[in-house]
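Report on the structure given below.
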Amino acid sequence: MYEQRGEIEIWIELFLNGPGNNPSMVPYLKRTKRFWGKLRVLPLAPMVRYCGPEEGMRFYEHEESWSKRVRGMIESLEKGWKPAPLIVHYDNGIRHISDGSHRLEALQKHGHTEYWAITFYDVENEWKDEL
């Protein structure tokens with residue numbers, strides 16, 4: 001509904017401040033002009049996480065808490081849960097997960113190879129692949 005009205009940024013902000021529980025990302029997204037792509041199904045395999053238990057992650061999370069959250073999401077997926085779309089940042093040909101690293105991991109472990117995502121771009125002409 002928000003996408004159809006050209007208000008995807010409003011949905012993103014509402015989601016991050018609410019059920020997405022990532023309000024610290026809202027100022028980052030508002031810091032400079034972003035160009036939003038369409039909500040669409042994208043392959044999961046080439047996406048890169050910013051968050052996780054691996055050394056060197058921008059947003060490091062201890063293995064125990066990471067695994068607990070991912071396991072909980074996998075259990076929810078098995079009960080029919082439909083996660084929110086992933087929020088993806090396209091940068092130099094790479095799609096980075098800006099919000100949804102836990103969802104990405106759970107979806108992949110559950111056997112999904114693609115899922116709904118909204119991609120944002122820093123440069124206007126980078127989104128031509130979505131036309």
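Can you list the lysines whose alpha carbon sits under 19 Å from that of Lys68, skipping same-chain ones fewer than 8 residues off? Output for Lys68: Lys79, Lys82, Lys109. Near the amide H of Val48, within less than 5 Å, lie the amide hydrogens of Arg95, His96, Ile97, all on another chain or at least 5 residues away, with H placed in the peptide plane.
With +1 on the Cβ of every Lys and Arg and -1 on the Cβ of every Asp and Glu, and nothing else charged, how large is the dipole of segment 1-121 about its Cα centre, in debye rounded to the nearest 20? Mind showing how you got there, number by number?
Working: 17 positive and 15 negative charges, 70 e Å.
For this selection, approximately 340 debye.
Counting only helical runs of four or more DSSP H residues, what would the 222 nm mean residue ellipticity of the chain come to if each run contributes -39,500 (n - 2.57) and the total is spread over all its residues?
Details: 4 runs with 42 residues, N = 131.
About -9500 deg cm²/dmol.
DSSP bridge analysis restricted to the chain gives an antiparallel fraction near 55%, rounded to the nearest 5.
Positive contributions from Lys and Arg (+1) and negative ones from Asp and Glu (-1), summed over other residues with Cβ under 13 Å from the Cβ of Met47, come out at -1. For the chain, the Cα-based Rg and Dmax, in that order, read 14.6, 41 Å.
Kirkwood Rh over Cα pairs of segment 50-109 into Stokes-Einstein at 20 °C, 1.002 mPa s: D in µm²/s? For the chosen part, D equals 176 µm²/s. Rounded to the nearest Hz, the phi-derived 3J(HN,Hα) couplings of segment 76-86 under the Karplus curve 6.51 cos²θ - 1.76 cosθ + 1.60 (θ = phi - 60°) are 5, 4, 5, 9, x, 4, 10, x, 5, x, 6, where x marks glycine and proline.
We did not get these values from a lab; they are worked out from the coordinates using the rules stated. Please read these numbers as outputs of a predicted model, since none were measured by experiment. Backbone-built Cβ (ideal geometry, glycine too); neighbour counts: all protein chains shown.
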